[in-house]
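The values are calculated or read from the model by the stated rules, or taken from the named source; none is laboratory data. Everything numeric here is computed off the predicted structure, so don't read it as measured data. Cβ: placed from backbone, ideal geometry, glycine included. Neighbour counts: every protein chain shown. All accessible areas refer to the heavy atoms of the entire protein, side chains included, with ligands and DNA or RNA removed. Shrake-Rupley method; radii C 1.70, N 1.55, O 1.52, S 1.80 Å.
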Amino acid sequence: DGEVYLPHLVSVLDQSSGVVLGQVQVEHKSSEIAAFTTLLDSLDLSDVLVTADALHTHRGHADYLHARGGHYLMTIKANQPRLLARIRALPWTDIGVAARERARGHGRVESRTISVVSLHPCPDLGGEYFPHAAQAIKLVRRRRPLRPGGRWKTVTVY
């Protein structure tokens, strides 16, 4: 058909050393979701924290990591609308801020706050949030360019 397809790769990286521990190619017209377990199957996940973006926030991935002795930190976005709504509805104001950081540099001023709540017992009495989840985290980042007229931009991540 004349189209050129560049390889789409998914990697696992040791965040402390920066070393790539494994990499697999995603099949053409497939997705990273299927590559997740293929990539991790050859690694010892005992007591390892696996971080993944919202694309990998799937119950099957959580069950897989738990069965392999691993832990996870996954981002919740609109691809999990009911879970996102429940997490947003938690009483974050009552929970309070666990830590706050302010910084200035690279032409901007930035502040970050983090709030953390245990999911055991379930804070909204609605049953399990996500398989094997122990805590929910809310990270709020506010950033403003230092140039005159720069406006604050706020990003909230769960």
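Observations
- The chain shape via C-alpha gyration tensor axes, a/c threshold 1.5: oblate
- Cross-link partners for LYS153 among the lysines, with Cα-Cα distance under 26 Å and sequence neighbours closer than 8 places in the same chain left out: LYS77, LYS138.
- Structure remark: mean-square fluctuation, Gaussian network model of the chain, C-alpha springs under 10 Å; the largest value among PRO123, PRO81, PRO148 belongs to PRO148.
- A Gaussian network model of the chain, with springs between Cα atoms under 10 Å, assigns the largest mean-square fluctuation among ARG143, ARG68, ARG88 to ARG143.
- Label positions at CYS122 and ALA85, each projected 7 Å from the Cα along the C-beta direction, are separated by 1.6 nm.
- The chain: relative contact order in percent, alpha carbon pairs under 8 Å with at least 6 residues between: 14 percent
- Full extension of the chain between ARG102 and GLN23 gives 24.8 nm of extra length, using 0.36 nm per residue less the Cα-Cα distance.
- Euclidean distance of C-alpha centroids, region 111-158 and region 42-76, integer Å: 20 Å
- Counting only protein heavy atoms and a 1.4 Å probe, region 37-76 has 52 square angstrom of accessible area per residue.
- Electrostatic dipole magnitude of the chain [Cβ: Lys, Arg +1; Asp, Glu -1; Cα centre; debye, to 20]: 1460 debye
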